[in-house]
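K.L.:
One structure follows; several queries about it will come next.
The values are calculated or read from the model by the stated rules, or taken from the named source; none is laboratory data. All figures in this text were calculated on a predicted structure; none of them were measured in a lab. A quick note on method: Cβ atoms are made from the backbone with ideal geometry, for glycine too, and the neighbour counts reach across all protein chains shown. We work out accessible area using only protein heavy atoms, side chains counted, and drop any ligands, DNA or RNA first. Shrake-Rupley method; radii C 1.70, N 1.55, O 1.52, S 1.80 Å.
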Amino acid sequence: MLGWLTGAALLGGAGAYSYAAIAPQSQLFGASFARGADPRQLALTYDDGPNDSCTQSLLDVLSKYGVKATFFLIGRHVRSRPDIARQIAEAGHAIGNHTYSHPNLIFTSLRKLRRELEICERVLTESIGEHARLFRPPFGAKRPAVMRTIHSMGFKPIKWSVTCYDWKPTTADRVEQHAVRQIRGGDLILMHDGDHNHMGADRSHTVEATDRLIRRYHDQGYEFVTIPEMMKGKEEQDRGKDAAPGAATQV
């Protein structure tokens, strides 16, 4: 009986660890930002760019509606197309670090993790100058030591609350449907304007779905903001709670 209980406990622990390693909103391994405080705000986020196939078309859509988004760029793609990275920055969008080569951080040494972050950061700075100190882990993968390292290097880990499954061949209809099923307000919406394997990936479904989502949620009264704007709002709300009468614990 004891052996069975021990085995069950180990399996349960392994399951919890696996969940925390990949679940986008899990805080078990360390704090990350995955949802805003204002239920009338939404944040569009795009990973794996810049991409010479679709990023510029996406920028045109965002510009058409006056929407600012957040882009998590891969360093080697930025090195290949710094001109597109500059266009993203010049358009007023927030830009974050998505490592240099997009490794799975569950299996990456801390030494390589630091190098991935540092090289990507250097390439970003050389290409666009000052930018937000944001980091999104590739695949959303993490482990406790990874989260500690990210925080120690001064990055703010960013996850998401809505997954659109647009990194594989699909349609704009499906991308939109995935988003609509999950959006509740205060969401970080995960999409992709590029592919971590190569430049030139077709993300036309993401571009079209972005257009549809902006129109749909603008009509419903939502505001689209960048991650730094959403984080600022949450920080202000948290400070307000701390300062509220009766918030202090009586001892």
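K.L.:
If I go through the stretch 33-79 residue by residue, how many of them are in a strand (DSSP E or B), basic (Lys, Arg) and within 20 Å of residue 211 (Cβ to Cβ)?
P.N.:
0
K.L.:
Among all residue pairs at least 6 apart or on different chains, which show Cβ distances below 7 Å where the first residue, located in the stretch 206-227, is charged (D, E, K, R) and the second is at pLDDT 95 or above and in a helix (DSSP H, G or I)?
P.N.:
Close Cβ pairs satisfying both conditions: 208/172; 211/61; 212/172; 212/176.
K.L.:
Looking at the stretch 80-114 only, could you name the residues that are in a loop (DSSP other than H, G, I, E, B), open to solvent by less than 10 Å² (accessible area, probe 1.4 Å) and touching a residue at least 40 places away in the same chain (Cβ under 8 Å)?
P.N.:
Once the filter is applied, which keeps residues that are in a loop (DSSP other than H, G, I, E, B), open to solvent by less than 10 Å² (accessible area, probe 1.4 Å) and touching a residue at least 40 places away in the same chain (Cβ under 8 Å), the stretch 80-114 yields 98, 105.
K.L.:
Here is a follow-up. Within the stretch 207-221, is even one residue closer than 28 Å to residue 131 by Cα, part of a loop (DSSP other than H, G, I, E, B) and either in contact with a strand residue (DSSP E or B) (Cβ under 6 Å, 6 or more places away or on another chain) or open to solvent by 20 Å² or more (accessible area, probe 1.4 Å) (or both)?
P.N.:
Checking the stretch 207-221: not a single residue is closer than 28 Å to residue 131 by Cα, part of a loop (DSSP other than H, G, I, E, B) and either in contact with a strand residue (DSSP E or B) (Cβ under 6 Å, 6 or more places away or on another chain) or open to solvent by 20 Å² or more (accessible area, probe 1.4 Å) (or both).
K.L.:
All but one of (1) under 21 Å from residue 85 (Cβ atoms); (2) touching a His at 6+ places or on another chain (Cβ under 7 Å); (3) open to solvent by 50 Å² or more (accessible area, probe 1.4 Å); (4) not basic (Lys, Arg) hold for residue 165, so report the exception by its number.
P.N.:
(1)
K.L.:
Okay, moving on. Please state which one of 45, 108 is in contact with a helix residue (DSSP H, G or I) (Cβ under 8 Å, 6 or more places away or on another chain) and closer than 22 Å to residue 130 by Cβ.
P.N.:
Of the residues listed, the single one that is in contact with a helix residue (DSSP H, G or I) (Cβ under 8 Å, 6 or more places away or on another chain) and closer than 22 Å to residue 130 by Cβ is 45.
K.L.:
Considering only residues that are among the β-branched types (Val, Ile, Thr) and under 17 Å from the mean Cα position of the chain (by Cα), which ones fall in the stretch 143-202?
P.N.:
146, 150, 158, 162, 163, 175, 183, 189
K.L.:
Is there any pair linking a residue in the stretch 164-177 that is without any contact (Cβ under 8 Å) to a residue 60 or more places away in the chain to one that is open to solvent by 100 Å² or more (accessible area, probe 1.4 Å), with Cβ under 8 Å and at least six apart or on different chains, and which?
P.N.:
The qualifying pairs are 165/174.
K.L.:
Within the stretch 115-142, how many residues turn out to be under 18 Å from the mean Cα position of the chain (by Cα) and part of a loop (DSSP other than H, G, I, E, B)?
P.N.:
Of the residues in that region, 7 qualify.
K.L.:
Say whether the condition of being touching an Asp or Glu at 6+ places or on another chain (Cβ under 8 Å), open to solvent by less than 10 Å² (accessible area, probe 1.4 Å) and not aliphatic (A, V, I, L, M) is met by at least one residue in the stretch 55-63.
P.N.:
Yes, there is a match, as at least one residue in the stretch 55-63 is touching an Asp or Glu at 6+ places or on another chain (Cβ under 8 Å), open to solvent by less than 10 Å² (accessible area, probe 1.4 Å) and not aliphatic (A, V, I, L, M).
K.L.:
Go over the candidates 85, 141 one by one and state the one that is modelled with pLDDT under 95 and within 23 Å of residue 44 (Cβ to Cβ).
P.N.:
That would be 141, the only listed residue that is modelled with pLDDT under 95 and within 23 Å of residue 44 (Cβ to Cβ).
K.L.:
May I pose another question? Name the single residue that is farthest from residue 208 (Cα to Cα) among those in the stretch 146-162 being small (Gly, Ala, Ser) and open to solvent by 20 Å² or more (accessible area, probe 1.4 Å).
P.N.:
Result: 152.
K.L.:
Here's something else I'd like to know. Please work out if residue 195 is modelled with pLDDT of 95 or more, buried (at least 19 other Cβ atoms within 10 Å of the Cβ) and more than 16 Å from residue 43 (Cα to Cα).
P.N.:
yes
K.L.:
Now, a different point. Can you pull out every residue in the stretch 222-241 that is in a helix (DSSP H, G or I) and modelled with pLDDT of 95 or more?
P.N.:
Within the stretch 222-241, 227, 228, 229, 230, 231 qualify.
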